[in-house]
1. Just the residues that are touching an Asp or Glu at 6+ places or on another chain (Cβ under 8 Å) and either closer than 29 Å to B:Gln303 by Cα or open to solvent by 10 Å² or more (accessible area, probe 1.4 Å) (or both), please, taken from segment B:342-354.
2. What do you reckon, is A:Val241 of a type in the set (Val, Ile, Thr), open to solvent by 10 Å² or more (accessible area, probe 1.4 Å) and over 11 Å from A:Thr89 (Cα atoms)?
3. Looking at A:Gly322, A:Gly334, which one is small (Gly, Ala, Ser) and within 24 Å of the chain's Cα centre (by Cα)?
4. What tally of residues in segment A:179-207 results from selecting those that are aliphatic (A, V, I, L, M) and surrounded by fewer than 24 Cβ atoms within 10 Å (Cβ to Cβ)?
5. Give the residues of segment B:130-163 that are farther than 26 Å from A:Tyr142 by Cβ and either open to solvent by less than 10 Å² (accessible area, probe 1.4 Å) or touching a helix residue (DSSP H, G or I) at 6+ places or on another chain (Cβ under 8 Å) (or both), sorted by residue number.
6. What are the residues in segment B:3-17 that are more than 8 Å from every other protein chain (Cβ to nearest Cβ) and under 17 Å from B:Ser370 (Cβ atoms), if any?
7. Search segment A:48-82 for residues being touching a Leu at 6+ places or on another chain (Cβ under 8 Å) and part of a helix (DSSP H, G or I), and hand back the single one that is farthest from A:Thr287 (Cα to Cα).
8. Pick from segment B:357-405 the residues that are more than 27 Å from B:Tyr117 (Cβ to Cβ) and of a type in the set (Ser, Thr, Tyr): which of them is surrounded by the most Cβ atoms within 10 Å (Cβ to Cβ)?
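The values are calculated or read from the model by the stated rules, or taken from the named source; none is laboratory data. Note that this is a predicted model, so its numbers are computed, not measured. For neighbour counting, all protein chains shown are included, and Cβ atoms are generated from backbone atoms with ideal geometry for every residue, glycine included. Side chains included, ligands, DNA and RNA excluded: accessible areas come from the protein's heavy atoms. Shrake-Rupley method; radii C 1.70, N 1.55, O 1.52, S 1.80 Å.
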Number of protein chains: 2
Amino acid sequence: MSTFYDDPVHIVRGEGVWLWDADGRKYLDCYNNVPHVGHCNPRVVEAICSQASTLNTHTRYLHEGILDYVERLTATFEEPLKTAILTCTGSEANDIALRMAEAMTGKRGIIATDATYHGNTTLVSHLSKSNVPEVGFGLGQYLSHVEAPDSYRIADPDGQRFAAKVQEAIDDLEQRGIGFAALIVCPLFLNEGFPTQAEGWLKPAAEAVRRAGGLLICDEVQSGFGRSGSRFWAHQKQGVVPDIVTMGKPMGNGHPVAGLVTSTEIMTRFRKSFRYFNTFGGNPVSTAAAMAVLEELQEKNLQAHAARMGKLARERLSQLAGKYEIIGDVRQSGMVFGAEFVLDRETKEPAVAFTDRVVNRMRERGIILSKLGRHKNTLKIRPPMPFAEEHLDLLMTTLDAVIAETLEAA
Amino acid sequence: MSTFYDDPVHIVRGEGVWLWDADGRKYLDCYNNVPHVGHCNPRVVEAICSQASTLNTHTRYLHEGILDYVERLTATFEEPLKTAILTCTGSEANDIALRMAEAMTGKRGIIATDATYHGNTTLVSHLSKSNVPEVGFGLGQYLSHVEAPDSYRIADPDGQRFAAKVQEAIDDLEQRGIGFAALIVCPLFLNEGFPTQAEGWLKPAAEAVRRAGGLLICDEVQSGFGRSGSRFWAHQKQGVVPDIVTMGKPMGNGHPVAGLVTSTEIMTRFRKSFRYFNTFGGNPVSTAAAMAVLEELQEKNLQAHAARMGKLARERLSQLAGKYEIIGDVRQSGMVFGAEFVLDRETKEPAVAFTDRVVNRMRERGIILSKLGRHKNTLKIRPPMPFAEEHLDLLMTTLDAVIAETLEAA
């Protein structure tokens, strides 16, 4: 396995936004979105323990847990997104979503951006251009990669340019005889570097998709469950109603539960094409964990909290940008924020090595974060949702010092 | 979702080999292999609770849990099966195994039996002939289905006939220009109806596979972890060393953990072809659950127990076969046993409707089991491993009464 950092971290304990290593050293976790409501959240742990000691079985028997959960989950979605399949991983959910698109359109062409990641099954792994496998049962022929949005370098204020790129890819797939089945995107374009976008930015692309008879799949594995701040699901901020929304990582706070939400029409078509069953998917313990996460999010108003903290984070990052030339751009979307480091504000040449040094130095000072984006020069700060003002203050004070120190050492 | 039984069971609690429904009715569980060491096994529940309240994160950080587990797991395997990937589901493990076969051979032709099931990803779902999807990105072209073994109807005492069928499929794949990559089988042929086979029965097929330069993948999702009684892994009973062994269902007693074990050579080739990462795979809670299952199996000698109970079960089923003409064949392999119902012992015509009535009547009398096999007329009895003599006695006494009653009603 490849691990994070030049000198990997050996974590032994977690609580809230904190992690401890084997030497007892404490780290502020500004990276992990899986422990969405905090590491070892007591409500989630209690739900898992209680259900694991009562019953854990599959969905061939009746159980209220999955019904109650799906009802509460789909209540957060707009019409017609009112039915769900639960799986164990986001990869499994995306794998189903692509088959749904094929079942609905009778075509196989899938469009994704050229700087994304949607999971690890044979089919889904082809969506990552950075990871196009040498082998993979010839599925690469069905994938088409479009230029990822990049608000800092590519002017596209209303999403028309992106929509045009999608249209080109659709036309190309049709001309090659493959046909167009679906566009799959993370509505925050998180792996792409979460570009700054106005509300409704994705509408033109969604319109192009629908005109061509294809499906819009929003992969909200990273962006969902209140992370985007202003909405519970990031596609709502983008002004679109996808045909399928997939979800995963934060859903069970680390317990392996994932799934997708779609319309009855699409679900019925899929069910007629496949006798899909997932042994562990939707089991009582997984749904108990997922229910506890939903309850925690709603009762503690963590979505509103994410919006507020994100705004503060943007202000602090902007202050640092005023102080350091090397910060070319500040971006934030709810509780996801970061800065893009550039060697020159005119040429916008990515400061890749610098970014890497900052990430490693932050870790040395006890703060865990990462980098991402089209040029791997954007800080990826995506802490658990209970991340509070005092944590933000520690993060920003340390980042200030680390940037200064790294510039000095260069 | 489709559920079991004409009138689905509403289960609310489980303990050991027992389940309770919402009305407080108790059922003897003779079906579920996922709660391998018993429903809500205290050691597994304690391991999950303890780890879930301490730390749950991914494998990008160092953690002893996964190292200790993989060491203990691979110790149960022969050379060169000494390295592992952990996933969340058996489907994910099989999906990787097929890619490993393509990576090693440069070919894509996969052979499976015509009455099997290996999982639900786009690629893996094509292995089930009974479920060949209408859609599926054209992957059906790479699949070749051979006649499933059937010790009751097709004489093949030493596996030569099966090997010849596999050879025919290999030749056909090569002639069609697809090429042969792997044979994937459950070493007990559990879905096929667990035919009676002498030790080493799979050797000739394995030899055909190796001569053709392909890989042998043993899917031990159902057959592994001591279930087969005489060996910890069922392939060991079959006298073969597979290139890849996949595992799942019983591994975490219901917690979503699965994986595969293979050689360093195959792992290295795969790792070079794919940047595989599984967010939840091998997380500290999953590995704690899996470790508790291994400890429970080993400390309580459940494999030897399965061998002993299986032998007793076979004796009891044989006594029933002496009493009822409708039992055409009795089969057993460790803690998997069943009887094949036929309308006529000469023609061996499957008593499909009768089998279905028996399964439903057993449920009415509080015993949960199922049916399977090439003709869906074989009782599938596959209880949790702590299933003891008193439970066997209750099962067999009830089965005796239900067969009599069902014959009478006919």
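1. Once the filter is applied, which keeps residues that are touching an Asp or Glu at 6+ places or on another chain (Cβ under 8 Å) and either closer than 29 Å to B:Gln303 by Cα or open to solvent by 10 Å² or more (accessible area, probe 1.4 Å) (or both), segment B:342-354 yields B:Leu343, B:Arg345, B:Pro350.
2. Values: of a type in the set (Val, Ile, Thr): yes; open to solvent by 10 Å² or more (accessible area, probe 1.4 Å): yes; over 11 Å from A:Thr89 (Cα atoms): yes.
Taking the combined requirement at face value, the residue satisfies it.
3. Every option except A:Gly334 fails the conditions.
4. 1
5. B:Val146, B:Glu147, B:Ala148, B:Pro149, B:Ile154, B:Ala155, B:Asp156, B:Asp158, B:Gly159, B:Gln160, B:Phe162, B:Ala163
6. Matches in segment B:3-17: B:Tyr5, B:Asp6, B:Asp7, B:Val17.
7. That would be A:Thr74.
8. Within segment B:357-405, the match that is surrounded by the most Cβ atoms within 10 Å (Cβ to Cβ) is B:Thr398.
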